[in-house]
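Single-structure report; data block below.
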Amino acid sequence: VIDKFKRKKGAKRETFDDFGGLGDVVARARELIEVPLQRKEELSKIGARPIKGILFTGPPGTGKTLLARIIADNTDAEFYEISGPEFLSKWYGESEEILRKIFEDAAKQERAIIFFDEIDSVAGQRDDGSHEASRRVVAQLLTLMDGFTSNRNVVVIAATNRPQDIDAALRRPGRLDWEIHFRPPDRDDREAILRSTSPPSTAPLLPHAWVAENTEGWSGAELTAIWGEAALLAAADGRSTIFVEDYVEGFQRMAARRRWVAQTSS
Ligand code: ATP
């Protein structure tokens, strides 16, 4: 069962070149995650309190999962990915046990990152008398995190777009007590994201700056979706290269899709 949560062997390795923009966020994340994993001896000799858990906050699609995965690849760390809602539903009744096994497995690795996506779905403030199952999972997570005192090879990252909803117990010292905020990409970030995610086969001189200007408020996930549309347009036209017109039309289609989502969800 644990294998289902591990990054698949042979999965495409991602590098920092695949991540666009948010340079300060990337630098801070590398410092908080790579240094503890790669310099555990030094930190241990200094006698510093180990960094056990980091909370990634920010709107959906801002690259939280992607960056965690890249850092795992870059440090040769085993990567376990747990999706909060799925963990409670699909593994109902077994989730505490599975969580324990994941931590046990992680402790055996040279280095490991345990990534908990949408932690708020499990660890929302529970004064509303919400679910017994999530209460037990949070209690288990706290126990496991408190447990790995001497173990400096495991870092837990939890992601949420609703940090205010997280159980305060999880944000205490020694738990998820470091925080990194993934802000929506600004103009330059957007241009960098478009450049770093552009498919291998595109015409030179695509109007990245123009698209970046016109995508205020878009997330990284929405920006990269432009490529999917552009690729379809090129292929439908019998070409294996994305042209400027495919890119512009792909952008317009995504813009229309965003407007539609905004209309139908308000
Ligand atoms: P959620 O909260 O919905 O899980 P997230 O913040 O974890 O969102 P990701 O799953 O990392 O977001 O991003 C979704 C996809 O969007 C990524 O797989 C990637 O293709 C693209 N993406 C997002 N941000 C960036 C970025 N800064 N650079 C390159 N690609 C990005």
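The values are calculated or read from the model by the stated rules, or taken from the named source; none is laboratory data. Model, not experiment: these values are computed from the prediction. We place every Cβ from the backbone using ideal geometry, glycine too, and count neighbours over all the protein chains shown. Accessible surface is based on the protein model in full, side chains and every heavy atom, while ligands, DNA and RNA are left aside. Shrake-Rupley method; radii C 1.70, N 1.55, O 1.52, S 1.80 Å.
Suppose all protein chains stay in the model; what accessible area per residue would a 1.4 Å probe give for the stretch 164-253, in Å²?
Numbers: 4470 Å² over 90 residues.
Normalised by residue count, the accessible surface of the stretch 164-253 is 50 Å².
Taking a ≥ b ≥ c as the square roots of the eigenvalues of the alpha carbon gyration tensor, the stretch 5-103 is oblate, as a/c is not under 1.5 and a/b does not beat b/c. For the Cα trace of the chain, dividing Rg by the Kirkwood Rh returns an Rg/Rh value of 1.01. Residue 261 contributes about 80 Å² of solvent-accessible surface, heavy atoms of the protein only, 1.4 Å probe.
Filter the cross-link list 12/40; 40/108; 52/108; 52/101; 12/90 down to pairs whose alpha-carbon distance in this structure exceeds 20 Å.
Values: 12/40 27 Å; 40/108 15 Å; 52/108 16 Å; 52/101 18 Å; 12/90 26 Å.
Pairs exceeding 20 Å: 12/40; 12/90.
At a 1.4 Å probe radius, carbon and sulfur cover how many percent of the accessible area of the stretch 120-241?
52
Going from most exposed to least, what order do 95, 121 have by accessible area with a 1.4 Å probe?
Numbers: 95 10, 121 45 Å².
In descending accessible area the options line up as 121, 95.
As a length-normalised measure over Cα pairs under 8 Å and 6 or more apart, the relative contact order of the chain settles at 25 percent.
Annotation for the stretch 50-148: chymotrypsin sites (Phe, Trp or Tyr not before Pro) lying in DSSP loop with at most 13 further Cβ atoms inside 10 Å of their Cβ are 92.
Accessible area per residue for the stretch 1-140, computed on protein heavy atoms with a 1.4 Å probe, is 49 Å². Taking only the Cα atoms of the stretch 47-137, the ratio Rg/Rh comes out at 0.98, with Rh defined as the Kirkwood radius.
In the chain, a dipole from Cβ-located charges (positive for Lys and Arg, negative for Asp and Glu) runs towards its positive end, and of 154, 223, 87 it is 154 whose Cα lies farthest in that direction.
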